[in-house]
Structure formats: C-alpha cells, structure tokens
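> Please find one structure pasted underneath; my questions will follow.
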Amino acid sequence: MPYRSPVTDYTFLLSHVVGYDRVSGTEKYAEAGADMVSAILTEAGRMCDEVMAPLQRGGDLNPARLENGALRSSPGFAEGWKAIAEGGWIGMSGSPEHGGMGLPMAVTTAVNDMMSGACLSLQLAPLMSQGQIEALEHHASDAIKELYLPKLISGEWSGTMNLTEPQAGSDVGALSSKAEPNGDGTYAVTGQKIFISWGDNDFCDNVCHLVLARLPDGVPGTKGISLFLVPRNLPDENGNAGVANSLKVVSLEHKMGLHGSPTCVMQYDGATGWLVGEEHGGMAAMFTMMNNARLGVGGQGVGVAEAAWQHAMAYAMERKQGKSASGTIADHADVRRMLTSMKADVFAARAILAACAVAIDMGNATGSAEWKARAAFLTPIAKAFGTDTGIAVSEAGVQVHGGMGFIEETGAAQFYRDVRVTAIYEGTNGIQAMDLVARKMMDGGEAAAKLLDEIEDHAERARGRLPELAGPVWEATETLREATEWMVAQGEMNDRFAGAVPFLRAFARVLGGHFHLIAALSDPGGAREKLARFYINALLPEHAGLLEQARNGAADLYAVSLEELSA
Ligand SMILES: Cc1cc2nc3c(=O)[nH]c(=O)nc-3n(C[C@H](O)[C@H](O)[C@H](O)COP(=O)(O)OP(=O)(O)OC[C@H]3O[C@@H](n4cnc5c(N)ncnc54)[C@H](O)[C@@H]3O)c2cc1C
C-alpha cells in the first residue's frame with residue numbers, strides 16, 4: 001500500500017493544536033504564514049510519496065556496501081538525495097544568507113517526519129547535514145561558514161557527526177581521539193569512530209565530518225573535548241573538494257534494520273581538521289547538533305509510526321477472517337483496539353514533537369528564557385516518546401498482520417526493524433529520561449510546573465464544553481504535578497534515575513491527553529473528538545501506574561544484588 005504523507009494532519013496540528021500562529025506572528029518568521037506552510041507541506045509531501053517512498057524497500061533489500069574502500073549506496077538513493085537537495089529540504093531552516101530558507105523548525109520538523117515515514121534510511125542523511133549546518137551556524141568561524149554552509153545547504157556536500165568510539169558510547173567523555181595543532185591553524189585528528197551514520201556516500205562531492213577529539217592539554221572527561229570539522233576531501237583554493245584527507249571508512253556494520261543507511265567505522269590518521277567553537281568547548285558546540293538531531297530522531301519515530309499504521313490499516317481492511325460486521329479483521333474488537341491505539345498515539349507523539357519545535361522557534365524568535373526552557377524540557381520527551389511510539393506502533397503493525405507480519409514481503413517487519421535503533425541513537429531513551437529528571441529539573445521544576453499550569457488552565461476552561469474529557473486530563477495533571485514535586489525533592493539522584501523512564505512516559509501521556517483535548521474541542525462530535533475520547537479513556541490512565549513506578553526510588557532495585565540477579 002503506497003505511503004501518503006500526513007499533510008492534512010500536520011496542517012490541522014499546526015493551526016489548531018500547537019499554536020503555530022504564535023511563530024508566524026513573530027517578526028523573524030512573519031513570512032511563514034499558514035498558507036505558505038500549507039503549500040510547503042504539500043510540495044514536500046509529493047516528493048516524499050513519489051520519490052522517497054518507492055526507495056524504502058530497495059534500501060532494505062540492497063544495503064549500502066563498501067567496494068574496495070568506496071561506498072556504494074542503495075539503488076535510487078543518489079536520485080533520492082538529489083530530489084531532497086533540489087527541493088531545498090536540507091537547508092529549510094538554514095540561514096538565507098547561506099542559501100537556506102530560514103523556515104521555522106516547526107516546518108522542518110513536519111517535513112522530516114514525512115520524509116522518515118517515506119524512507120527512514122535515506123532521511124537520516126539530510127538529518128545529519130541539518131544538525132551540522134546548525135552547529136556551524138552557531139559555532140564556526142566566518143571563514144568556515146562562508147565555505148561550508150552554502151555547499152551543505154545545497155546538498156552538494158553532506159555532513160556527519162562523529163562522537164562514538166568503542167569505549168565511549170553514552171559516556172562521550174571517555175573518548176580517546178586526539179587532535180594536535182599543525183601550527184598553521186589546522187589540526188591533525190587521529191582516532192577511530194564507530195557507528196557513524198552516512199560516514200560516506202557516492203552522491204556528494206564531499207562528506208564533512210564533525211569530530212569530537214581531545215587536544216594535548218585537554219583534561220579528561222567532557223570538559224577536555226574539542227570539536228573539529230574534518231572533510232573527506234580538503235577544499236582547494238577555489239573552495240571545491242580537492243585532494244583526499246587522511247581518513248577512511250574501515251567497514252560497515254551489519255544491522256538489524258536501517259540497511260539503506262551505511263553505519264561506518266571511521267579511521268582518522270592525522271586527518272586535517274579545523275576547530276569549531278572554543279578549544280575544549282566541543283561539547284557545547286556538539287550539543288547544538290545533538291539537540292537538533294534529538295528532535296529530528298523523535299520525528300523519525302513518529303514518521304515510521306505513521307507509515308506502519310497506514311500499512312496495518314490497509315491490510316486490516318482487506319484481510320477477511322472470522323465473523324465481523326464488515327467481514328474483515330478491522331472489525332474485531334482487539335484489532336480495532338490496536339488500530340485505534342496506534343492512530344491515537346501517532347497523534348499524541350506528533351503533537352508533542354510539534355509543540356517542542358514551536359517552543360524552539362519561539363525561543364529563537366523572541367529570545368525568551370521561558371520559551372527556551374520549555375524547548376529544553378520538551379526535547380527529551382519528544383525524542384523518547386516519539387521513538388517509543390515508533391517502536392510500539394510498528395510492533396503492533398506486525399501483530400495486526402498476523403503471520404504475514406512475520407514474513408518480510410509484507411513490509412510490516414521492516415518498519416519495526418528500521419525504527420528500533422531510534423530509541424538507541426542520539427542518546428538512548430534511558431539517557432533522555434535521566435536528562436529530564438536531572439538537568440531539565442535543575443530549575444527546581446519551574447519549566448515543568450509552568451507547562452502543567454497551562455495544561456490545567458486549559459482543562460479547566462474546557463470543562464464547560466467537554467467535562468467528561470477535561471476532567472480526567474485535569475486530574476492526571478494533578479497526579480503528574482505531585483510526582484514532579486517528588487522528583488525535584490529527591491536529593492539522591494539514583495532515586496530519580498530509577499523512575500526516570502516511567503516518569504517521562506507518564507509526562508508524555510498527560511501531554512498527549514492535553515493535545516487530544518484541544519483537538520476534540522475543534523471538532524465537536526467529529527472524528528478528532530472520538531479519537532480523543534478513546535485516548536483519554538483508554539490510554540491516558542496508564543499515567544497512574546507509571547507514576548507509581550516513577551516514585552518507587554532505587555532501594556528495591558539495589559536490594560537485589562547482582563549475584564542474586566544473575567543466579
Ligand atoms: C545504527 C546506528 C547509527 C548510529 N549513528 C551514530 C552517528 O552518526 N554518530 C555517532 O557518534 N554515534 C552514532 N551511533 C552511536 C549511538 O549514538 C550509540 O550507540 C548510543 O549513544 C549508545 O552508546 P553505546 O552503544 O555505547 O551503548 P552504551 O553506552 O554501552 O549503553 C548500553 C546500555 O546502558 C545504558 N547506559 C549507559 N550509560 C548509562 C548511564 N550513565 N546511566 C544509565 N544507563 C546507562 C544505555 O541506556 C543502554 O541501555 C549510532 C548507533 C547505531 C546503532
């Protein structure tokens with residue numbers, strides 16, 4: 001069944017649910033009004049449906065490969081990249097000064113979500129470039145910006161991010177790659193990086209790597225790390241890709257899914273690089289890229305969830321089995337439960353994602369500390385809940401297909417295999433949850449409290465029109481507020497960390513209830529109200545059990561010793 005980009009859903013979400021009009025009401029984004037956004041999404045949707053979606057299966061069956069050190073991408077991916085680049089979809093939020101469209105992140109996020117649903121393994125390539133573009137815009141010298149940004153934005157060159165090493169995964173501070181000053185303003189970068197997405201390709205003139213490494217006087221840990229831009233080919237005097245740099249792709253990983261995206265082991269042997277940002281300030285610069293990518297990866301989860309749901313829906317409406325009103329499995333209560341839960345959760349996760357993007361845009365446009373805190377707070381939720389939803393929905397998609405879900409030809413399994421990694425890369429979802437209950441609550445829970453106030457105020461106002469939906473949302477928010485206060489009060493961080501994952505999920509559940517309630521109010525008696533009713537009655541109650549888990553602390557966990565656990 002062909003993929004259809006959710007253009008109408010996005011237009012509705014932006015106009016009626018997450019308050020995009022506040023973004024287009026700012027001076028910075030005044031040109032990106034509702035009509036323009038709708039036209040952009042329609043155009044992007046056409047490219048996703050017609051160009052990218054047909055590549056998805058081929059990427060799975062014909063993975064990228066290494067031939068005598070040269071990378072060969074999956075069939076059609078080069079043309080796919082060309083279409084993405086020519087449409088301007090790489091540099092959507094890039095600065096117009098360097099050829100970008102300067103569009104809000106809310107619009108870029110919508111397009112990234114749609115591209116992910118169409119072909120996740122190819123979409124990861126422009127996503128990496130987008131993160132690099134933002135990092136360079138914020139932290140690179142003017143000379144680097146002038147040379148690299150136009151080429152990255154146009155898609156002539158591509159970008160990657162190189163953090164991970166065998167001994168330095170979640171603990172980036174353990175990295176051992178080194179950088180030595182060459183004495184001419186450049187640095188010699190040496191080390192091995194693993195798991196580098198799109199570490200090379202055969203469709204760009206150059207591949208630009210952002211590499212974390214330590215200078216000779218860099219202290220151990222994250223504080224001693226610096227960031228370097230290390231191109232595959234050194235720019236010549238005209239700024240074109242010139243001679244090869246001292247780096248190579250050593251091998252490609254054999255993965256569970258996402259086969260079209262080459263995951264590379266990279267070797268840097270004194271490769272020439274340029275410092276980005278301050279010496280030893282690499283993590284700050286890299287965080288710009290990582291935050292961009294975290295939102296993007298959340299969008300990958302949502303995009304694949306959408307595609308898996310569409311696929312399952314089409315199958316369920318054709319497959320005849322047993323007695324039901326229509327004769328198809330779609331009318332059996334358990335299948336209906338799966339399909340409706342999938343759709344309701346796609347909406348919830350997408351709304352959280354879009355709300356996070358709106359907060360980022362408002363922070364950028366107004367400089368408001370409150371919007372920035374809101375964006376920072378929502379980012380780990382958007383990443384973790386978006387990707388968990390991608391996994392849960394695609395897993396349910398396999399189940400809806402019955403035995404055929406386990407057979408590769410139907411394509412249901414590919415969604416699940418492809419999306420599984422999104423909960424792992426860009427900071428595992430466990431690390432996202434820890435970030436939420438630790439760093440994002442260093443303000444004493446202020447950002448969380450403001451968000452909860454808003455949700456309660458809205459539910460209070462909605463009581464007059466939809467009391468049976470507004471009431472449970474209000475009550476769930478109160479329970480969440482108590483749990484949030486409990487979290488903030490825990491001085492022993494392991495007590496917070498032990499319950500971080502259920503806490504994040506409960507927060508997402510309540511946010512989902514809030515956004516469903518807004519959607520219901522704009523569609524009285526219609527499909528959106530009915531979906532909201534299902535979400536609030538059947539899915540929102542999960543928050544209560546999750547919050548019990550969240551407040552259990554670490555004592556019970558550690559009471560079982562590792563010896564007892566492994567016996
Ligand atoms: C397909 C793919 C593409 C990737 N692309 C890139 C890329 O482009 N660039 C790049 O730099 N990296 C990339 N990565 C690497 C990815 O970001 C890491 O795999 C990820 O950060 C986890 O690190 P790790 O694999 O070493 O797992 P580990 O850090 O060993 O984690 C193992 C488990 O322990 C948990 N854990 C670890 N530390 C803690 C802690 N302090 N507290 C609680 N739990 C903890 C984790 O949550 C996880 O469940 C990619 C990985 C894959 C699989």
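The values are calculated or read from the model by the stated rules, or taken from the named source; none is laboratory data. Here the structure is a predicted model, which is why all the values come from computation and not from measurement. Note that each Cβ is placed from the backbone with ideal geometry, even for glycine, and that neighbours are counted across all protein chains shown. Calculation scope for accessible area: heavy atoms of the full protein, side chains included, ligands and nucleic acids excluded. Shrake-Rupley method; radii C 1.70, N 1.55, O 1.52, S 1.80 Å.
> Over the chain, give the accessible area per residue in Å² for a 1.4 Å probe, as an integer.
Accessible area per residue, the chain: 39 Å².
> I would also like to ask the following. With N set to the number of residues, divide the alpha-carbon radius of gyration of the chain by 2.2 N^0.38 Å and report two decimals.
The value comes to 0.96.
> How many nm separate the modelled label positions at Glu482 and Glu156, each set 7 Å beyond the Cα in the direction of the Cβ?
6.2
> Take peptides 256-263, 478-485 and line them up by average Cβ neighbours within 10 Å, highest first, as a rough protection proxy.
Result, highest mean first: 256-263, 478-485.
> For segment 177-230, what is the largest minus smallest coordinate of the Cα atoms on each principal axis, given in angstrom and ordered from greatest to least?
Result, largest extent first: 38, 27, 14 Å.
> Something else now. Does segment 11-154 come out rounded, prolate or oblate, given a ≥ b ≥ c as the square roots of the eigenvalues of its C-alpha gyration tensor, rounded meaning a/c under 1.5 and, failing that, prolate meaning a/b above b/c?
Oblate, because a/c is 1.5 or more while a/b does not exceed b/c.
> In nm, what is the difference between 0.36 nm times the number of residues separating Arg463 and Lys530 and their Cα-Cα distance?
22.5 nm
> Further question: Among Ala53, Met101, His138, whose Cα lies farthest out toward the positive end of the dipole of segment 20-175, if unit charges sit on the beta carbon of Lys, Arg (+1) and Asp, Glu (-1)?
Ala53
> Using the structure shown, list the pairs from Lys372/Lys530; Lys178/Lys223; Lys193/Lys372; Lys28/Lys145 with a Cα-Cα distance above 23 Å, or answer none.
Lys372/Lys530; Lys193/Lys372
> Can you pull out the trypsin sites (Lys or Arg not before Pro) in segment 318-427 whose DSSP state is coil and whose Cβ has at most 15 other Cβ atoms within 10 Å?
On the way: sites: Arg319, Lys320, Lys323, Arg336, Arg337, Lys343, Arg350, Lys372, Arg374, Lys383, Arg417, Arg420; in loops: Arg319, Lys323.
Filter output for segment 318-427: Lys323.
> Would you please put 453-463, 389-399 in order of how densely packed they are, using the mean number of other Cβ atoms within 10 angstrom per residue and starting with the highest?
By packing density, highest mean first, the sequence is 389-399, 453-463.
> By how many nm would the segment from Glu475 to Phe287 lengthen if fully extended, with 0.36 nm per residue of separation less the alpha-carbon distance? Provide the component values of the computation, followed by the final result.
Working: separation 188, 0.36 × 188 = 67.68 nm, distance 3.58 nm.
Stretched out fully, the Glu475 to Phe287 stretch lengthens by 64.1 nm.
> A follow-up question, please. Share of the chain's accessible area from carbon and sulfur, percent, 1.4 Å?
The nonpolar share, carbon plus sulfur, comes to 54 percent.
> Then there is this: Which helices, counted as full DSSP H runs in the chain, have an axial Cα extent of no less than 30 Å and a Kyte-Doolittle average of 1.0 or above?
Helix filter hits for the chain: 500-521.
> Among Leu547, Phe534, Tyr558, whose Cα sits farthest toward the positive end of the charge dipole of segment 524-567 (+1 at Cβ of Lys/Arg, -1 at Cβ of Asp/Glu, about the Cα centre)?
Most positive-ward Cα: Phe534.
> Pop the C-beta distance of Asn238 and Lys323 into the FRET formula with R0 = 56 Å and round what comes out to the nearest 0.05.
Working from the Cβ atoms, E equals 0.15.
> Related question: Say R0 is 45 Å: what FRET efficiency, to the nearest 0.05, do Ile407 and Glu86 get from their beta-carbon distance?
0.75
> Continuing with the same structure: For the full complex of protein chains and a 1.4 angstrom probe, list Met101, Met283 by accessible area with the highest value first.
Highest to lowest solvent-accessible surface, that is Met101, Met283.
> Among 297-304, 205-212, 2-9, what's the highest-first ranking by average C-beta atoms within 10 angstrom per residue? It would help to have the intermediate numbers written out before the result.
Numbers: 297-304: 32.6, 205-212: 24.2, 2-9: 19.2.
Highest-to-lowest ranking by the protection proxy: 297-304, 205-212, 2-9.
> Assigning unit charges at the beta carbon (Lys, Arg +1; Asp, Glu -1) and nothing else, what dipole magnitude in debye, to the nearest 20, does segment 1-135 show about its Cα centre? Each step should come with its number before you reach the end.
On the way: 8 positive and 15 negative charges, 76 e Å.
It works out to roughly 360 debye.
> Compute the FRET efficiency between Thr366 and Asp269 as 1/(1 + (r/R0)^6), taking r as their Cβ-Cβ distance and R0 = 60 Å, and round to the nearest 0.05.
With R0 = 60 Å, the Cβ-Cβ based efficiency is 0.85.
> What's the magnitude of the charge dipole for segment 362-457 around its Cα centre, counting Lys and Arg as +1 and Asp and Glu as -1 at the beta-carbon? Answer in Debye, nearest 20. Present the calculation step by step, with values, prior to reporting the outcome.
On the way: 8 positive and 14 negative charges, 58 e Å.
Dipole of segment 362-457, to the nearest 20 debye: 280 debye.
> Once amide H atoms are built 1.01 Å from N in the peptide plane, which residues 5 or more positions from Ile225, or in another chain, come under 5 Å H to H?
Here Gly282, Met283 satisfy the definition.
> State the extension gain, in nm to one decimal, for the chain segment bounded by Ser566 and Asp21, taking 0.36 nm per residue of separation less the distance between their alpha-carbons.
Net length gain for the segment: 190.7 nm.
> Rounding to the nearest 20 debye, state how big the charge dipole of segment 400-454 is about its Cα centre with +1 on each Lys and Arg Cβ and -1 on each Asp and Glu Cβ. Intermediate results must be reported in sequence, preceding the final value.
Working: 5 positive and 9 negative charges, 31 e Å.
Taking the Cα centre of segment 400-454 as origin, the dipole is about 160 debye.
> So what's the projected area for segment 199-287, the Cα convex hull averaged over all directions, in nm²? Write down the numbers at each step before the final one.
Details: hull surface 29.5 nm².
Spelled out: convex hull of the Cα atoms, projected over all directions, averaged, 7.4 nm².
> Of Ala447, Gly367, Ala325, which is farthest along the charge dipole of the chain in the positive direction, counting Lys and Arg as +1 and Asp and Glu as -1 at C-beta?
Sorting the options by dipole projection puts first Ala325.
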